[in-house]
Amino acid sequence: MSSRSEAPFRLRVAILQTKPSKGEYARNLGGAREAFAQLAGDPPDLVVLPEGGLTGYFLEGAVYDLALPAPRFARDLSDAWRSASSKPVDIAAGFFENDAGTYYNSAVYVHVDPNGERIAHLHRKMFLPTYGVFDEERFLSRGHKLGVFETRFGRMALLVCEDSWHSIVPTVAAIKGARILIVPSASPGRGIEGEGEGELESVARWREMLRMVALEHGVYVIYAGLTGFEGGKGMSGSSCVIDPRGRVLVQGSATEACIVRADLDLREIDLARATLPLLGDLAAVLPDLLLDDELPLPRGRRDAADL
Amino acid sequence: MTLQIFESAAPAAAAPSIDPALATEWLVAFLRDELIGRRAIRRAVIGLSGGVDSAVTAFLCVRALGAENVYGFRLPYKTSHPSSLADAQLVVDALHIACRTIDISSAVDGYLQMEPDADARRRGNVMARMRMVVLFDQSAKLDALPIGTGNKTERLLGYFTWHADDSPPLNPIGDLFKSQVWDLARYLGVPERLIEKAPTADLQVDQTDEADLGISYARADAILAQLLLGYSDAQLLERGFTGEEIALVRRRVDATHWKRHLPTTAMLTSTAINEFYLRPVDY
C-alpha cells in the first residue's frame, strides 16, 4: 500500500482572512492569536493567512522595518497557536522576509505541535508585480525556485499572488506532484463597471483563473486574500477554496476580516483526475513543449539562482 | 440554409458604466475603514454646493456613518445663484442631516477689496480656497474630517482649484467619472433636480461646466476612459470622436498633471522625502 493511501483523506482548512493595521505587527499577531482561540474549539488541520497578512501589503520603504527572518515568523505563529490550542496544526502564511539583509515577499508552511514548530517549506515570491499600482521589485528580491513539499496531507505548493497568474507556475507545481495549491494574496480590488456581475471585476477574474487552475490540473486551490483599505486601495479579500473539479466550495467577504472554512475530501483529487486526465496528458507532452529550440530558454545549468 | 453570424462588438465609444450597488458597498467600506478604523473619527463635514458630486458624497457618508454624524455646510458667496442654496437644502431634507449656512462674502471680499483688478478666475480661486478654510476649521471644531467631492473627470481635466477642492484628506468619488457619479446618484436616491440640472462651479454668474470646458461630460468621459487605457488619437477617431474634441481633452489632461500631485520639491539629499524616504500614507 502506498504512503499516499495511508495519508488522511480529510483536510479541514480555515483561512484567516486578516484586515491588519498597517505596520503594527505585534497588534496584528495579537489579532491572529484571538482568531486562533476562536478556532480552537473546533480546530482545523490547516490555517492559511494572506500575503502580508500581519503587516499590510503596501509598505514601501517600511518593509525594511517589518521584515522578519523566517524562523522568527514561524515561531511567532507557533507561539500564537500554542497559546490557543494544544492540538497540532499546520499554518501557511505570507510575510515579508529578511534573509540576512536580502528581502523577499515570502510564504512559509509551518507544522506546529505542543513541542514547537518545524518549517516544512519556505517559498519566495517569484513574480514581483512592478507596474501600475504595484512597486514590489523596487524593495524586494525575486525568489528563484518553485518548490513543492510533503505534508501529512500530501504534496503541496505555495504560490504568492502573481505567481499564480502565470499559468505555467501552477502547471509546474502540479507536474511536480502538488495536489493542493495554497495562494496567499493581496489584491487591490478594482473594476466597478458591472462586468463582475455584482462583484469587483478583479475578484471575479481571480476566481475564474483559480477555477481554471483547479480544473485543469485536478488540484485543490486555497486562496487567502488580504482585506482592508490601504491608502484608498481596498484589498479585496474574497478568500475561497476551490475543489479539483473547479467548483467554489466557499468564499469569504470582500471587505471584512473573517474565517473561511472548508472540509476537503482529498480522494476527490484522484477522482477528478480520472475523469479529466489532463495532467497525465501534459506530463507526457511537456518535454516536447519545453525542449523546443524556439523557446527563449537558457541552455545548460543555472547555478547562482539555485537557492 | 442561412447560418447565424456572431460578430464581436464595435470598439466602445460610450461613457464608462458602473454597477452602483457594488460601488456603494465598496465606498461605504472605504469611508468606514478610513474614518473610523484608521483615524477613529466618526464625523464627516461636507460642503454642499447644490451639485450632484457633493450630494452623492453626502449620501455615501450617511450610509457609512449615520445621518447624525454628517454635517453639511452651505457656503454661498454674494454672487452665488440662489438655486444652489435651495438645491443643497434638498439634500439636507432628504438625508435629515445637520446643516449650517455660512456666507463667505465678507471673508472673500476682505481680501479682494485690496485686489480690485482681480479677474473672474482669481476671484473664483479665492472663493474655492475660502470654502476649504471654513470646512477644515469646522472639522476641527466638530472633531470631524472634511470629505472631498471632486470627481475623476474634473480631476483629469484640471477643472478645479488646486489646494482647494482637492485638499480634503479623503475622497470617495475621485475615481468615478461624472457620468458614473450621475448613475450612482440615481441609485442612491439623490433628488432628481440635482441630477438633471446643468453642472456648475457657480463661481461666476450663469456659469456651467460644459460651457467652460467646451465639451459635454458624456463625450469627455468617453474620451477620457479610452485615453487612460492608452488608445491613440487615431484609435479614438475610429471610435467616432472628432479631432477637435480629442485634442481638447488631451490638451487639458496633459497641461494639468501638476495639479494631481503634491508640490515639486528640489531633491538635494539621498534621504529626500517621497523620493528615497518612502512610507505609505497609512503607515
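Within region A:169-196, track down each residue that is within 16 Å of the chain's Cα centre (by Cα) and either in a loop (DSSP other than H, G, I, E, B) or without any contact (Cβ under 8 Å) to a residue 24 or more places away in the chain (or both). Spell out the reasoning first.
Step one: list which residues in region A:169-196 are within 16 Å of the chain's Cα centre (by Cα), which gives A:169-174, A:178-187.
Passing the criteria: A:Ala178, A:Arg179, A:Ala186, A:Ser187.
How many residues are exposed (fewer than 13 other Cβ atoms within 10 Å of the Cβ) and either among the small types (Gly, Ala, Ser) or within 14 Å of chain B (Cβ to nearest Cβ) (or both) when one looks only at region A:245-285?
Going through region A:245-285 one residue at a time, the tally reaches 4.
Name the helices (runs of 4 or more DSSP H) wholly within region B:1-95 that hold at least 2 residues that are more than 14 Å from chain A (Cβ to nearest Cβ)? Steps first, answer last, please.
Working: elements: B:20-31, B:52-65, B:82-95.
By residue number, B:52-65, B:82-95.
Scan (1) more than 30 Å from A:Thr130 (Cβ to Cβ); (2) crowded, with 23+ Cβ neighbours inside 10 Å; (3) not hydroxyl-bearing (Ser, Thr, Tyr) for the single condition A:Glu97 breaks and write down its number.
(1)
Within region A:154-163, how many residues turn out to be under 17 Å from A:Tyr109 (Cβ atoms), surrounded by fewer than 24 Cβ atoms within 10 Å (Cβ to Cβ) and under 15 Å from the mean Cα position of the chain (by Cα)? Spell out the reasoning first.
In the first step, residues of region A:154-163 are kept if they are under 17 Å from A:Tyr109 (Cβ atoms); the result is A:154-161, A:163.
Subset that is surrounded by fewer than 24 Cβ atoms within 10 Å (Cβ to Cβ): A:154-155.
Those left that are additionally under 15 Å from the mean Cα position of the chain (by Cα): A:155.
Of the residues in that region, 1 qualify.
Look through A:Ala74, A:Ala84, A:Ala67 and report the one residue that is surrounded by fewer than 23 Cβ atoms within 10 Å (Cβ to Cβ) and either over 16 Å from A:Ala224 (Cα atoms) or within 14 Å of another protein chain (Cβ to nearest Cβ) (or both).
Details: A:Ala74 fails: surrounded by fewer than 23 Cβ atoms within 10 Å (Cβ to Cβ); A:Ala67 fails: surrounded by fewer than 23 Cβ atoms within 10 Å (Cβ to Cβ).
On inspection, the qualifying residue turns out to be A:Ala84.
Limited to region B:229-283, what total is found for residues that are assigned to a loop (DSSP other than H, G, I, E, B), more than 22 Å from the chain's Cα centre (by Cα) and within 14 Å of chain A (Cβ to nearest Cβ)? Reasoning before the result, please.
Of the residues in region B:229-283, the ones assigned to a loop (DSSP other than H, G, I, E, B) are B:229-232, B:239-242, B:255-256, B:261-272, B:274-276, B:278-283.
If we keep only those that are more than 22 Å from the chain's Cα centre (by Cα) too, we end up with B:230-232, B:239-242, B:264-272, B:274-276, B:278-280, B:282-283.
Retained after the next criterion (residues that are within 14 Å of chain A (Cβ to nearest Cβ)): B:230, B:270-272, B:274-276, B:278-280, B:282-283.
Number satisfying all stated conditions: 12.
May I ask you to list the residues in region A:206-239 that are closer than 19 Å to A:Arg261 by Cβ and part of a helix (DSSP H, G or I)?
Within region A:206-239, A:Arg207, A:Leu210, A:Ala214 qualify.
Are there any pairs with C-beta distances below 6 angstrom linking a residue in region B:166-181 that is facing chain A (nearest Cβ under 9 Å) and in contact (Cβ under 8 Å) with a residue 60 or more places away in the chain to a residue that is among the β-branched types (Val, Ile, Thr) and surrounded by 19 or more Cβ atoms within 10 Å (Cβ to Cβ), with the two at least 6 apart or on different chains, and if so which?
From residues that are facing chain A (nearest Cβ under 9 Å) and in contact (Cβ under 8 Å) with a residue 60 or more places away in the chain, the pairs are B:Leu170/B:Ile147; B:Gln180/B:Ile18.
Has region B:134-149 got any residue that is in contact (Cβ under 8 Å) with a residue 40 or more places away in the chain and within 10 Å of the chain's Cα centre (by Cα)?
Yes, some residue in region B:134-149 is in contact (Cβ under 8 Å) with a residue 40 or more places away in the chain and within 10 Å of the chain's Cα centre (by Cα).
Please identify the pairs in which a residue from region B:188-199 that is closer than 18 Å to B:Leu85 by Cβ has its Cβ atom under 6 Å from the Cβ atom of a residue that is at pLDDT below 95 and not in a helix (DSSP H, G or I), counting only partners at least 6 apart or on another chain.
Going by the 6 Å Cβ cut-off, the qualifying pairs are B:Ala198/B:Thr208.
For region A:42-62: of the residues being within 14 Å of chain B (Cβ to nearest Cβ) and part of a loop (DSSP other than H, G, I, E, B), which is farthest from A:Cys258 (Cα to Cα)?
First pass over region A:42-62, keeping only residues within 14 Å of chain B (Cβ to nearest Cβ): A:52, A:55-62.
If we keep only those that are part of a loop (DSSP other than H, G, I, E, B) too, we end up with A:52, A:55-59.
Values: A:Gly52: 16, A:Thr55: 17, A:Gly56: 16, A:Tyr57: 18, A:Phe58: 21, A:Leu59: 23 Å.
The extreme case among them is A:Leu59.
The values are calculated or read from the model by the stated rules, or taken from the named source; none is laboratory data. If you're wondering where the values come from, they're calculated on a predicted model, not measured in any experiment. Using ideal geometry, Cβ is built from the backbone for each residue, glycine included, and neighbour counts are taken over all protein chains shown.
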